[in-house]
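Presented below is the structure to which this report refers.
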Amino acid sequence: MWIFSSADNSKCPFFIWNQWCLYYAAVVCLLFSHVKTDDVCPPTCICARDSGTVTCRDGEDTEVPGDIPEWTSTLILKGRNISTLHRGAFMVNGTEMEITILSLSYNGIQTIEPYAFLGLPRLHLLDLSHNQLESISARAFHGLLELRSLYLNYSFLPSATAQLSNALTTQSLRNLHRLELAGNRLKSIPLERLDIYNLHALVLINNSIENIGGANISELYQQRRIRVYLSLNPFRCNCELEAFYYWLKNSSMCPDSGRLLCREPEAKRGIPVEMLRGEDVDCVNENLEAVSYVFLGIVLALIGVVFLMVLYLNRRGIKRWLNNIREACRDQMEVYHYRYEQDSDPRLANVAV
C-alpha cells in the first residue's frame with residue numbers, strides 16, 4: 001500500500017492527468033469560441049462561405065443580425081421586419097466588415113438614421129428597393145466612399161421625396177456610377193446637390209416627371225457620358241418642353257427616348273416626344289399667336305365702342321329717320337289699301353251685303 005505525503009502530491013500521476021485535462025478543456029473552449037465568431041451562421045440565415053454569401057429571408061427580426069460572419073462579402077436581407085436602420089447597424093462588435101454587396105429590399109424599412117452604413121467602407125452595391133421610406137437622413141449614406149451602384153426603386157413615400165436630394169450628396173457618394181430611382185413619383189431630377197461627374201447611369205422611369213427644366217438640361221449637356229432613362233413619365237408637351245425636346249434631338253444621352261410619350265395636352269396624348277414638330281414646342285410662335293389673338297380682340301372691342309358712340313351721338317337723328325320711314329311705310333300701305341278697295345269685284349261686295 002502506497003502512502004503519499006502532501007509534499008509528493010505534485011508528483012502524483014492522477015494529479016498530473018487532471019492538469020492536462022484542464023489545459024485541454026481551455027484550448028477546446030478557445031477554439032470553439034473562435035469558430036463561433038467566424039464560422040457559425042446566424043439563425044434563420046443560409047451561409048455559403050465559398051462565395052462569401054449570407055442570405056436571411058422571411059423573419060420577424062426587427063434588427064440587422066448581430067452575428068454576421070467576418071468573411072461575409074455579400075449580405076442579403078429580404079422579407080424581414082426592419083423598420084429602422086440605426087447608426088452603425090452593420091458593425092459587428094464595433095469593427096468594420098468586408099461586405100461589398102448589400103441587399104435590403106422588401107424589408108419595410110421606414111427610417112434611415114445618420115451613419116446607418118458606418119462600418120462598410122468597401123461596399124460597392126447597395127439595394128434598398130421596395131421599401132417604405134418615410135424619413136431619410138442627410139447623412140444616411142455617409143462613409144460609403146466606394147459605393148458604385150445605389151438602387152432606390154419603389155422605395156420612397158411622398159413625405160420622403162423632398163429629403164432625397166439632401167441625402168444624395170457628393171460628400172457621401174463621390175464615386176457613385178449608377179443611381180436607380182424608378183417608381184418614386186418624383187416630379188423632377190434630384191440633381192441639386194448631386195455631383196454627377198462620376199455618374200454613368202441615372203434611372204428615373206415610371207415617375208411623375210412632366211418636364212425637365214433648363215437648369216438640369218444645361219448640367220446634362222456638360223456630362224457626355226451619363227445616360228438618363230425617362231420612359232413611363234407623363235410629359236406635358238407644350239412650349240415649356242422646348243429645352244428638353246432639343247436635348248433629345250441633339251444628343252444620345254437618353255437611350256429610351258423613343259419610349260417617351262406625351263400625356264398632355266389631349267390632342268398630343270400618346271405621341272412620342274421626339275416626333276413632335278418644332279412649332280409644337282416653340283414658345284416664340286406660341287406667344288406671338290397668343291399676342292395676335294389678344295390684339296385682334298382689342299381692335300374689335302374698339303370698333304364696337306366707336307360704333308356705340310356714333311349711335312349715341314346721333315340718337316335724335318336716327319329717331320327722326322326711323323319716324324320718317326314709319327310714316328312713309330304707313331302712307332304707302334294706305335295707298336295699297338285704297339287701290340285694293342277700288343279694284344275689288346262688285347259681285348263680292350253684293351254677296352257681302
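The values are calculated or read from the model by the stated rules, or taken from the named source; none is laboratory data. Owing to the predicted nature of the structure, the values given are computational and were not obtained by experimental measurement. Counting neighbours? That spans all protein chains shown, and the Cβs are built from the backbone with ideal geometry, glycine included.
Would you point out which residue out of Glu70, Glu60 is out of contact with any Cys (no Cβ under 8 Å at 6 or more places or on another chain), in a loop (DSSP other than H, G, I, E, B) and modelled with pLDDT of 85 or more?
Every option except Glu70 fails the conditions.
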So which of Asn107, Asn93, Asn81 ends up being touching a Ser or Thr at 6+ places or on another chain (Cβ under 6 Å), within 21 Å of Cys56 (Cβ to Cβ) and not aromatic (Phe, Trp, Tyr)? Asn81
Tell me which residues, restricted to the range 158-184, are of a type in the set (D, E, K, R) and either closer than 21 Å to Asn233 by Cα or buried (at least 19 other Cβ atoms within 10 Å of the Cβ) (or both). Arg178, Glu180
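Can you pull out the residues in the range 107-144 that are in a strand (DSSP E or B) and crowded, with 17+ Cβ neighbours inside 10 Å?
Thr111, Ile112, Leu126, Asp127, Leu133, Ile136
Residue by residue, here is whether (1) closer than 29 Å to Lys187 by Cβ; (2) in contact with a Pro (Cβ under 6 Å, 6 or more places away or on another chain) holds:
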residue: Ile76; (1), (2): no, no
residue: His86; (1), (2): no, no
residue: Met97; (1), (2): no, no
residue: Ala116; (1), (2): yes, no
residue: Leu145; (1), (2): no, no
residue: Tyr151; (1), (2): yes, no
residue: Phe156; (1), (2): yes, no
residue: Ser165; (1), (2): yes, yes
Log entry, pairs with first residue in the range 199-211 being free of Cβ contacts under 8 Å to residues at least 60 places away in the same chain and under 11 Å from Ala182 (Cβ atoms), second being part of a loop (DSSP other than H, G, I, E, B) and of a type in the set (A, V, I, L, M), beta carbons closer than 6 Å, six or more apart or on different chains, reads Val203/Ala182; Leu204/Leu181; Leu204/Leu230; Ile205/Ala182; Ile205/Leu232; Asn206/Ala182; Asn206/Leu232; Asn207/Leu186
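Evaluate the following for Tyr106: is it under 26 Å from Asn206 (Cβ atoms) and out of contact with any Cys (no Cβ under 6 Å at 6 or more places or on another chain)?
Working: under 26 Å from Asn206 (Cβ atoms): yes; out of contact with any Cys (no Cβ under 6 Å at 6 or more places or on another chain): yes.
So Tyr106 fits the description; yes.
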Residue pairs, Cβ under 6 Å, 6 or more apart or interchain, first in the range 234-260 and more than 18 Å from Glu219 (Cα to Cα), second of a type in the set (Val, Ile, Thr) and in a helix (DSSP H, G or I). List them. Phe235/Val273; Cys239/Val281; Leu260/Val273
Which residue, of Phe235, Phe244, Phe295, is among the aromatic types (Phe, Trp, Tyr) and modelled with pLDDT under 90? Phe295
